[in-house]
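The values are calculated or read from the model by the stated rules, or taken from the named source; none is laboratory data. Quantities reported herein were computed from a predicted structural model and do not represent experimental measurements. Cβ placement follows ideal geometry from the backbone for every residue including glycine, while neighbour counts extend to all protein chains displayed.
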Amino acid sequence: MGIFATSPKARAAALVAPPLIYSLLLLAFPLVAIVVISFWTQSGLNLDRTFTTANYREIFSGPIYIWGNANRWGVLPLSIFVSATVTLITVALAYPIAYFVSFVVAPERKSLWLFLITIPFWTSYLIRVFLWKVILGYNGVVNTGLIELGIIQEPLNVLLYNLNSVIITLAHAYAVFAILPIYVALEKIDRSLLEASQDLGENRFTTFLRVTLPLSVPGIVGAVLIVFIPTIGDYVTPELMLGSGGRLMSNVIQTQFLQLNNWPLGAALSIITMLAVGIVSLLFILLNRRWLRGRA
Amino acid sequence: MTALIQLRGIHKHYGDYHALRGIDLEIRQGEFFSLLGPSGCGKTTLLRTIAGFETPSSGTLMIDGKDMAAVPANHRPTNMVFQSYAIFPHLTVAENVGFGLRREPMSKDQKTKAVAEALAMVGLSGYGTRAAHALSGGQRQRVALARALILKPKVLLLDEPLSALDKKMREQMQVELIRLQRTVGITFILVTHDQEEALVMSDRIAVMFEGEIGQMADPETLYRRPNSRRVAEFIGKMNILPGQVGMEGNRIVVDVAGLGRGAVETDQAPGGVVPGNTSVGIRPETLGVLFPGETTDRRVAEGVVDEVVYYGDMTYYDVRVPGVQQPLTISMKNIIGRPVLEVGAPTRVVWDERSLVVLSR
Ligand SMILES: Nc1ncnc2c1ncn2[C@@H]1O[C@H](COP(=O)(O)OP(=O)(O)OP(=O)(O)O)[C@@H](O)[C@H]1O
Ligand SMILES: [Mg+2]
């Protein structure tokens, strides 16, 4: 084979070339296209290819997307708020589960537990969202259950078709992605460090605060980013759970592209969302460097 | 004066496995005590029992007159230097050393000063702000020591603290540890499987086998008068020969196959005398070879050099003596003017009764 006779660098280049081309085509090219289109405008059915910042001006001038008004948040801040809440809930619930599997479960049972944790994720995402509709709906499991028990008389309306249901569904959907990185970080902690802490006078709780928690920060950071970034882009859940009422960023973008056929505005909204997610994530990482001192 | 640490009939079971089988120990205040034994004999288990990380299945442990059964590790007057050092990777050197000071009633300045002193004590002044993961093995070991000693424990427990270091570093740290122990006056309990390390450092050594203490004595007694075959084989080099032992009146008489009969003192049978077949131990340095032209008034056996191993300061000979089951290993110092014998050279082996140890068990 020709490439094995060449220099190590050339060989490495030859080996990474196929995936590189693949990712260029599938990732870089669409991204560049989005950036370019966001500076164009839609005129009727055609794209007007003169460079303009009109789309961005539209986004920043009105109240809808960013600034909001007295009654209503802007779509972007609301989306960030929802994602942040989902992230907080998911990570807060995932941590005890990961801790349990790592520290309480016997070593030979751990893979079984991880396997069990992933079982709900064998079903399609869409089906899980519909399941939550069945659980939370007007005539759903929760409402009928509570009525049967005599705790409530009328079905609760707060469960479905509002942000609560989006948050519940997303938090469940992303649980595994939060559990796994935290679990890995906890597994990596040398158990003799916990004994050393006890030996130096700390009890189990203070040992957790002074040793386990700081050492698991890399896992928490990973979990936060893994949950936060895709939940902003998730459009299926809000689409199904919000009904026609509220809209989140992903739905607004989808509407621009597919219903209003305004690709340039959709592209500009995508760019703004990506930048916002990037900035929030960066701030989080910096905060972590500065205060939590999570060292890998 | 009563002992600082008392263990009475300590047993430890891990499921079916009987890891500690009735350990009785007393360790005095200020003593440098070592637990020595082959891998898997239960040294770490015993040390962790004293530290409070393992609960004995039965038996009592007293430290400073208090029963430790209900005292968790974080309230025991012991501190430990872990085999892996267990340095907190997310903290600096100074934060590691000061970790245990959080609960001490000291001002911030006092704590900073205590940390600086502890670092100076182990020769790491100025390393305080370093990240813990940027340390060499020897430096980690010193940080672990400083971190434990800063709390002024009654007992410092060390689990093979030197095993990760190279030979030169290890020898240097041995000397430093001895000096440190003398200055701070804290009782040290050292776990090691390195017999030389135990001999060099300890006031007293307990040799463990399979969850039991085989012999407990000061280094010289342990080396010169091992009480059993397994202790003799574990510590240093020893020729072990078959023989007969018996009493003649109140004298102990030993007959070593191929060397001959001789009377020995009671201290040469530290494991007691069971008349009949026995093993007899002879250290290589208590034997000698006669070079051509030399004479001696000690006892002599004719033999032939079978093997020569030259160590620089010493030469080890294996000498075949007719009637002796295996070649005798003999070590000779290479003093000025002394030749090194060749393989196949005829020679005479010098020995006397005081070299013998009766190893009945
Ligand atoms: N948690 C445990 N569960 C089951 N068996 C154990 C446990 N801890 C130790 N053992 C067993 O107890 C025996 C003694 O172990 P220990 O760690 O005390 O040996 P050691 O003398 O320190 O050996 P080494 O020199 O190799 O460190 C070993 O056979 C070990 O397999
Ligand atoms: Mg051990």
**Item:** Matching residues in region A:120-152 - criterion: being in contact with a helix residue (DSSP H, G or I) (Cβ under 7 Å, 6 or more places away or on another chain) and not in a helix (DSSP H, G or I)
**Value:** A:G140, A:I152
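Return the residues of region B:187-210 that are part of a loop (DSSP other than H, G, I, E, B) and either more than 12 Å from ligand 1 (Cβ to nearest atom) or touching a helix residue (DSSP H, G or I) at 6+ places or on another chain (Cβ under 8 Å) (or both); say none if nothing qualifies.
Applying the first criterion (part of a loop (DSSP other than H, G, I, E, B)) to region B:187-210 yields B:193-194, B:202-203, B:210.
Within region B:187-210, B:H193, B:S202, B:D203 meet the criteria.
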**Asked** Out of all the residues in region B:31-41, is one or more within 16 Å of ligand 1 (Cβ to nearest atom), surrounded by fewer than 18 Cβ atoms within 10 Å (Cβ to Cβ), under 24 Å from the mean Cα position of the chain (by Cα) and among the hydroxyl-bearing types (S, T, Y)?
**Response** yes
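Does B:G138 meet the test of being more than 12 Å from chain A (Cβ to nearest Cβ), more than 16 Å from ligand 1 (Cβ to nearest atom), in a loop (DSSP other than H, G, I, E, B) and more than 30 Å from B:K66 (Cβ to Cβ)?
Numbers: more than 12 Å from chain A (Cβ to nearest Cβ): yes; more than 16 Å from ligand 1 (Cβ to nearest atom): yes; in a loop (DSSP other than H, G, I, E, B): no; more than 30 Å from B:K66 (Cβ to Cβ): yes.
Spelling it out, it is not the case that B:G138 is more than 12 Å from chain A (Cβ to nearest Cβ), more than 16 Å from ligand 1 (Cβ to nearest atom), in a loop (DSSP other than H, G, I, E, B) and more than 30 Å from B:K66 (Cβ to Cβ).
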**Message:** Could you list, ordered by first residue, the pairs with Cβ atoms under 8 Å in which the first is in region B:31-45 and among the acidic types (D, E) and the second is more than 9 Å from ligand 2 (Cβ to nearest atom), at least 6 apart or interchain?
**Reply:** B:E31/B:L4; B:E31/B:T187; B:E31/B:F188; B:E31/B:D203; B:E31/B:R204
**Prompt:** Counting residues that are touching a residue at least 40 places away in the same chain (Cβ under 8 Å), which helices (runs of 4 or more DSSP H) fully inside region A:1-74 reach at least 1?
**Reply:** A:29-37, A:54-61
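Without any contact (Cβ under 8 Å) to a residue 24 or more places away in the chain and farther than 28 Å from B:K333 by Cβ: which single residue out of B:R204, B:R251 fits that description? Full working, then the answer.
On the way: B:R204 fails: without any contact (Cβ under 8 Å) to a residue 24 or more places away in the chain.
Just a single option satisfies the conditions, and that option is B:R251.
Here is a yes/no grid of residues against (1) at pLDDT below 95; (2) of a type outside the set (A, V, I, L, M, F, W, C):
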{"position": "A:S79", "(1), (2)": "yes, yes"}
{"position": "A:I97", "(1), (2)": "no, no"}
{"position": "A:V101", "(1), (2)": "no, no"}
{"position": "A:P107", "(1), (2)": "yes, yes"}
{"position": "A:L114", "(1), (2)": "yes, no"}
{"position": "A:W122", "(1), (2)": "yes, no"}
{"position": "A:L126", "(1), (2)": "yes, no"}
**Asked** Hey, does region A:191-210 have a residue that's touching a Pro at 6+ places or on another chain (Cβ under 9 Å) and more than 30 Å from B:P153 (Cβ to Cβ)?
**Response** no
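I want to confirm something. Restricting to region B:72-108 and keeping residues that are farther than 20 Å from B:F53 by Cβ and among the hydroxyl-bearing types (S, T, Y), which single residue is nearest to ligand 1 (Cβ to nearest atom)?
Result: B:T92.
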**Message:** One residue is enough: does region B:57-71 have a residue meeting the conditions touching a Pro at 6+ places or on another chain (Cβ under 8 Å), away from ligand 1 (no atom under 16 Å from the Cβ) and at negative phi?
**Reply:** yes
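Quick one: in region B:249-281, of everything that is among the polar types (S, T, N, Q) and within 23 Å of B:R320 (Cα to Cα), which residue is farthest from the chain's Cα centre (by Cα)?
Let us first name the residues in region B:249-281 that are among the polar types (S, T, N, Q), namely B:250, B:266, B:268, B:277-279.
Then keep just the ones that are within 23 Å of B:R320 (Cα to Cα); that gives B:277-279.
On the way: B:N277: 29, B:T278: 26, B:S279: 23 Å.
Out of the qualifying residues, it is B:N277.
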**Request:** Restricting attention to helices (runs of 4 or more DSSP H) lying wholly within region A:185-257, give those where 1 or more residues are more than 24 Å from A:P96 (Cβ to Cβ), more than 14 Å from every other protein chain (Cβ to nearest Cβ) and touching a helix residue (DSSP H, G or I) at 6+ places or on another chain (Cβ under 7 Å).
**Result:** A:213-233, A:236-241, A:249-254
**Asked** Got a sec? Which of B:D255, B:D218, B:D194, B:D203 is outside the structural domain of B:V143 (by TED's automatic domain parsing) and either touching a Lys or Arg at 6+ places or on another chain (Cβ under 7 Å) or surrounded by fewer than 18 Cβ atoms within 10 Å (Cβ to Cβ) (or both)?
**Response** B:D255
**Complete:** Cβ pairs under 8 Å, 6+ apart or interchain, first in region B:1-18 and farther than 16 Å from B:A206 by Cα, second in a strand (DSSP E or B) and of a type in the set (G, A, S), ordered by first then second residue, are B:H11/B:G22; B:H11/B:S58; B:H11/B:G59; B:K12/B:A19; B:H13/B:A19
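If the requirement is being away from ligand 2 (no atom under 16 Å from the Cβ), free of Cβ contacts under 8 Å to residues at least 12 places away in the same chain and either in contact with a strand residue (DSSP E or B) (Cβ under 8 Å, 6 or more places away or on another chain) or over 25 Å from A:L213 (Cα atoms) (or both), which of these qualifies: B:K113, B:K108? It would help to see each step written out before you state the result.
Details: B:K108 fails: either in contact with a strand residue (DSSP E or B) (Cβ under 8 Å, 6 or more places away or on another chain) or over 25 Å from A:L213 (Cα atoms) (or both).
Of the residues listed, the single one that is away from ligand 2 (no atom under 16 Å from the Cβ), free of Cβ contacts under 8 Å to residues at least 12 places away in the same chain and either in contact with a strand residue (DSSP E or B) (Cβ under 8 Å, 6 or more places away or on another chain) or over 25 Å from A:L213 (Cα atoms) (or both) is B:K113.
Can you name the residue in region B:231-248 that is under 15 Å from the mean Cα position of the chain (by Cα) and in contact (Cβ under 8 Å) with a residue 24 or more places away in the chain and is also nearest to ligand 1 (Cβ to nearest atom) among such residues? Please lay out each step first, then the result.
Initial filter on region B:231-248 (under 15 Å from the mean Cα position of the chain (by Cα)): B:231-237.
Narrowing the set further to residues that are in contact (Cβ under 8 Å) with a residue 24 or more places away in the chain leaves B:231-232, B:234-237.
Details: B:V231: 16, B:A232: 20, B:F234: 12, B:I235: 15, B:G236: 19, B:K237: 21 Å.
That would be B:F234.
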**Message:** So, restricting to strands (runs of 3 or more DSSP E) that lie completely within region B:1-103, which ones have at least 3 residues that are within 16 Å of ligand 2 (Cβ to nearest atom) and either of a type in the set (F, W, Y) or more than 14 Å from chain A (Cβ to nearest Cβ) (or both)?
**Reply:** B:17-27, B:32-36
**Request:** Scan region B:328-337 residue by residue and report those that are surrounded by 13 or more Cβ atoms within 10 Å (Cβ to Cβ) and more than 19 Å from B:G303 (Cα to Cα).
**Result:** B:N334
